Amino acid sequence: PPPIEARWEALGERQVKFRGEKDTIVVTAKEGLFTAIKLEIDDGDLEMYNVVVTFGDGSKFSPETRFNFDQGSRSRTIDLPGNARFIRKVEFYYRSKVAKGHARLRLWGRHAN
């Protein structure tokens, strides 16, 4: 049989400002179980220097992160360790490269099949 295509869901977004910042996107258990995440940037450029994923059981995962996003770009797929599980929240540490306005950061999650 043909492989099952992964289903991606938008888990949240934040407007990010010009200067070093930290933001959090809270994800609830009703969203489901996930095996990977991706990040997308619109309306500006952004340097992401840390991402911390907190799972439903309280454990944390911080992938090797140093992304430089141009407007309209996405990160690589970041596979989450272990079995598919609930994500409680994702924290982002970044520096926006826009001098005016805001860049928009969007978080995507790949559902477990």
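Please treat every number below as a calculation from the coordinates, not as lab data. Since the structure is predicted, the reported quantities are computational estimates derived from the model, not experimental observations. Neighbour counts run over all protein chains shown; Cβ positions are idealised from the backbone, glycine included.
Observations on the model:
- Extension gain from Asn113 to Arg74, taking 0.36 nm per residue of separation minus the Cα-Cα distance: 11.8 nm
- Dipole in debye (nearest 20) - the chain, about Cα centre, beta carbon charges: Lys, Arg +1; Asp, Glu -1: 240
- Neighbourhood net charge (10 Å Cβ-Cβ; Lys/Arg +1, Asp/Glu -1) for Thr77: +3
- Electrostatic tally near Gly32: other residues with Cβ closer than 14 Å to its Cβ, Lys and Arg +1, Asp and Glu -1, net +3.
- Along each principal axis, taking the top coordinate minus the bottom one, the Cα set of the chain gives 48, 33, 25 Å in descending order.
- Choice from Gly44, Gly82, Gly12 with maximal GNM fluctuation in the chain (Cα, 10 Å cutoff): Gly82
- Backbone phi angles across the stretch 24-30, fed through the Karplus curve with coefficients 6.51, -1.76 and 1.60 (θ = phi - 60°), yield HN-Hα couplings of 10, 10, 8, 10, 9, 4, 5 Hz in residue order; Gly and Pro are listed as x.
- Remark on Leu33: its backbone amide H falls under 5 Å from those of Ala112, a criterion applied only to residues 5 or more positions apart or on other chains, H modelled at 1.01 Å from N.
- Less than 5 angstrom separates the built amide H of Leu80 from those of Ala36, Ile37, all sequence-distant by 5 or more or on a different chain.
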